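Asks: Quick one: the structure is below, questions incoming.
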Amino acid sequence: MRCLGGGASTRELMTRMGHSSSRAALIYQHMTSDRDRAIADRLGAMIRDGGGGASG
């Protein structure tokens, strides 16, 4: 799982923020509507380009 902003993983954030559990780290992650749109756009592009990963 990648974190918002700088692209840090949950484990990297846990270490940086001093959290002992991923649950504690996840509580402090907040998603903005702009970031949500950027993620949706990127996933949409991956699917359109055939890089969606799953094959049917």
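The numbers here are math on the coordinates, done by the rules we state, and not lab data. Model, not experiment: these values are computed from the prediction. Quick reminder, even Gly has a Cβ in these numbers, built from the backbone with ideal geometry, and neighbours come from all protein chains shown.
Asks: What nm distance separates the two modelled labels at Ser20 and Arg35, each placed 7 Å from Cα along Cα→Cβ?
Replies: 2.6
Asks: For the pair Ile27/Arg42, report the inter-label distance in nm, with labels modelled 7 Å from Cα in the Cβ direction.
Replies: Using points 7 Å along Cα→Cβ, the separation is 2.7 nm.
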